[in-house]
1. Given the conditions (1) under 22 Å from P64 (Cα atoms); (2) at pLDDT 95 or above; (3) surrounded by fewer than 21 Cβ atoms within 10 Å (Cβ to Cβ); (4) not β-branched (V, I, T), which single one is not true for D220?
2. How many residues does the stretch 161-211 contain that are in contact (Cβ under 8 Å) with a residue 40 or more places away in the chain, among the β-branched types (V, I, T) and under 19 Å from G142 (Cβ atoms)?
3. Determine whether the stretch 247-267 contains at least one residue that is crowded, with 19+ Cβ neighbours inside 10 Å, in a loop (DSSP other than H, G, I, E, B), at pLDDT below 90 and in contact with an Asp or Glu (Cβ under 9 Å, 6 or more places away or on another chain).
4. Could you list all residues from the stretch 18-36 that are under 25 Å from the mean Cα position of the chain (by Cα) and either at pLDDT 80 or above or not in a helix (DSSP H, G or I) (or both)?
5. Only one of (1) touching a residue at least 60 places away in the same chain (Cβ under 8 Å); (2) over 14 Å from Y258 (Cβ atoms) is not met by T300, so which one is it?
6. Name the residue, out of E132, E124, E151, E104, that is within 24 Å of L247 (Cβ to Cβ), at pLDDT below 85, touching a strand residue (DSSP E or B) at 6+ places or on another chain (Cβ under 7 Å) and among the acidic types (D, E).
7. For the stretch 300-342, what are the residues that are polar (S, T, N, Q) and modelled with pLDDT of 95 or more?
8. If a residue must be β-branched (V, I, T), in contact with a helix residue (DSSP H, G or I) (Cβ under 8 Å, 6 or more places away or on another chain) and not in a helix (DSSP H, G or I), how many such residues does the stretch 282-304 contain?
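The values are calculated or read from the model by the stated rules, or taken from the named source; none is laboratory data. If you're wondering where the values come from, they're calculated on a predicted model, not measured in any experiment. Here the Cβ positions follow ideal geometry from the backbone for every residue, glycine too, while neighbour counts run over all protein chains shown.
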Amino acid sequence: DNVEWSEEQEASARSKVQENSSQLLPQDKQGEYEVNAKRYWDDFYKIHENGFFKDRHWLFTEFPELAPNRNLNQNGNSVHKFSNKEESSNEGIGSCENGHCSLETGTENQLNLIKKPPKICAEELAAQKHSEQNKSGGDYPGSSASYRILEVGCGAGNTVFPILQTNNDPGLFVYCCDFSTTAVDLVQNNAEYDSSRCFAFVHDLCNDQSPFPMPDESLDVVILIFVLSAILPERMQRIVTRLSRLLKPGGMILLRDYGRYDLAQLRFKKGQCLSDNFYVRGDGTRVYFFTQDELDDLFTTAGLEKIQNLVDRRLQVNRGKQMTMYRVWIQCKYRKPAASQL
């Protein structure tokens, strides 16, 4: 369960961060990690493939929007009911390797706990397709879908495939992209990959000229899970603003990422810090540790409204080493205002 920290615990964590950030990596070295970022992530996925990050079956507890109950309004358009709950109910533990710490779940597979959304008849789907194509001005991957999800930084597909397995809505289409060509290859070569319901593509978020395969205002959900933290902090705002343009009015960005004073941050040594709360791991990949206010500023500046912004602190116990460690994550849901509010 979520654990509250004492003042002493927070002071101790702050002290460790001050210590490990007292010696910054030289600027010339920092430039190398930016220039070679793609190679470092390609190497990561070549080594780990899909064996490091576990399937994220906690997704549907934390983000029920990924298995939406959809109804149709009088105009034939989908009406999606979003959960505004700001609580966390799954029991999480973490695993760390080479500075990468992932969230796993200690509960049973929750896929069977999700109610399947009702099927939509062919006539309704055809009406939705016609409406979407008129709005977008043409065909594109997933243009006939009535509910579109994009995961940014999809890795080996540990979010995408549970969604496809769980949500049998015939109107669902899932896009997924990653900076790493190796990661996208792993997704496309997975036996569960279904090109009629999913489109995986390589994309560089930091390149404003790199096009998305879907038009603006075409997505219902954008997922950012442990991905924004891998980006140079000064580029984060432009990326969030660009992603917000892809959302339909009422669409949402769902985020889960590293929080300030997480175990992974406290484990860094001197010389691995690039700037305040931004570090390079031993394998060359980078990571930032957020506060709630920082994320709120990023999303609200992009014109989104807060639905959820919470800190999830978890106690992790290593009984073999008789150690107690704390994981800190931040979870956010931000919504694009409806057209009448724009």
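1. The failed condition is (3).
2. The total comes to 2.
3. Within the stretch 247-267, not a single residue is crowded, with 19+ Cβ neighbours inside 10 Å, in a loop (DSSP other than H, G, I, E, B), at pLDDT below 90 and in contact with an Asp or Glu (Cβ under 9 Å, 6 or more places away or on another chain).
4. Selection gives N36 alone.
5. Every listed condition holds for T300 apart from (1).
6. Residue meeting the stated conditions: E124.
7. Across the stretch 300-342, the qualifying residues are T300, T301, Q308, N309, Q331.
8. Looking only at that region, the number is 2.
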